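Asker: Below: one structure in structure tokens.
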Amino acid sequence: MARYTGAVCKLCRREGQKLFLKGGRCYTNKCAIERRSYAPGQHGQGRKKISGYGMQLREKQKARRYYGVLEGQFHKYFLMAEKMQGQAGENLLRICESRLDNIVYLLGWADSRAEGRQLVTHGHFCVNGKKVDIPSYLCKAGDVISIKEKSAQTDAMKNIIEANGSRPVPAWLDLNREENTAKIVNLPERDQIEAPVAEHLIVEFYSK
């Protein structure tokens, strides 16, 4: 299973803003953006004029890195989004939001999307009562996600849930904290998606 294994703080610095790839660390003064807000590399502090194509590329890369998706998968999502009713850019973000690893993170059951991906892979969650260990599994409205009873009893999972207990949960997810279950009320509208990207630039990038 392909995934990015490099230094994630460099990704935030390259995009010039926090993508919250390291969980709680991103909220402290240890965040790389707080200490070095310029791009990584020898010429990171140089001033560069960016072209229209460059802006489109940066938005596409930012979205990929925000959700932890590699290029092939992300392009596949775009092709899916084009075939759906509505605006392709919003459909693309909606697809990314419906990934199981992303939903696990949004529910506070993981400190970051990368950790959510790992926990899903290790088989700690169920969808509609059946174990799902595929991070890219696309959930649908009406699906019920739950933590496996055995997993919920582990100290590691208890610590994660407690640490993220005050994190706000999106309105399109109905979380039952006592039972460690959540129902997808509906797939999110654009104003319910916090991804810091201009999706129309991604559409322009892939439409060339």
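The values are calculated or read from the model by the stated rules, or taken from the named source; none is laboratory data. The model shown is predicted, which means the values in this text are computed figures rather than measured ones. Methodologically, a virtual Cβ is constructed for each residue, glycine included, from the backbone with ideal geometry; neighbour enumeration extends over all protein chains shown.
Asker: Find all pairs meeting these conditions: Cβ atoms under 8 angstrom apart; at least six residues apart or on different chains; first residue within the stretch 119-138 and over 21 Å from Val185 (Cα atoms); second residue in a strand (DSSP E or B) and at pLDDT 95 or above.
Answerer: Cβ pairs passing all conditions: Leu119/Phe125; Gly123/Lys131; His124/Ile147.
Asker: How many residues does the stretch 166-176 contain that are modelled with pLDDT of 95 or more and outside any strand (DSSP E or B)?
Answerer: If we filter the stretch 166-176 for residues that are modelled with pLDDT of 95 or more, which is where we start, we get 169-176.
Still in the list and also outside any strand (DSSP E or B): 169-172.
Residues meeting the conditions: 4.
Yes/no matrix, rows are residues, columns are (1) free of Cβ contacts under 8 Å to residues at least 12 places away in the same chain; (2) in contact with a Gly (Cβ under 9 Å, 6 or more places away or on another chain); (3) assigned by TED's automatic domain parsing to the domain that holds Arg65; (4) surrounded by fewer than 17 Cβ atoms within 10 Å (Cβ to Cβ):
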{"residue": "Val104", "(1), (2), (3), (4)": "no, yes, no, no"}
{"residue": "Gly142", "(1), (2), (3), (4)": "no, no, no, yes"}
{"residue": "Lys148", "(1), (2), (3), (4)": "no, yes, no, yes"}
{"residue": "Asp155", "(1), (2), (3), (4)": "yes, no, no, yes"}
{"residue": "Asn180", "(1), (2), (3), (4)": "no, no, no, no"}
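Asker: Further question: Among (1) farther than 30 Å from Phe205 by Cβ; (2) at pLDDT 95 or above, there is one condition Ala163 misses while meeting the rest; what is its number?
Answerer: That leaves (2) as the condition not met.
Asker: For the stretch 69-140, give me every one of the helices (runs of 4 or more DSSP H) that falls completely inside it and has 2 or more residues that are in contact with an Asp or Glu (Cβ under 8 Å, 6 or more places away or on another chain).
Answerer: Helices (runs of 4 or more DSSP H) meeting the threshold: 88-97, 100-106, 113-121.
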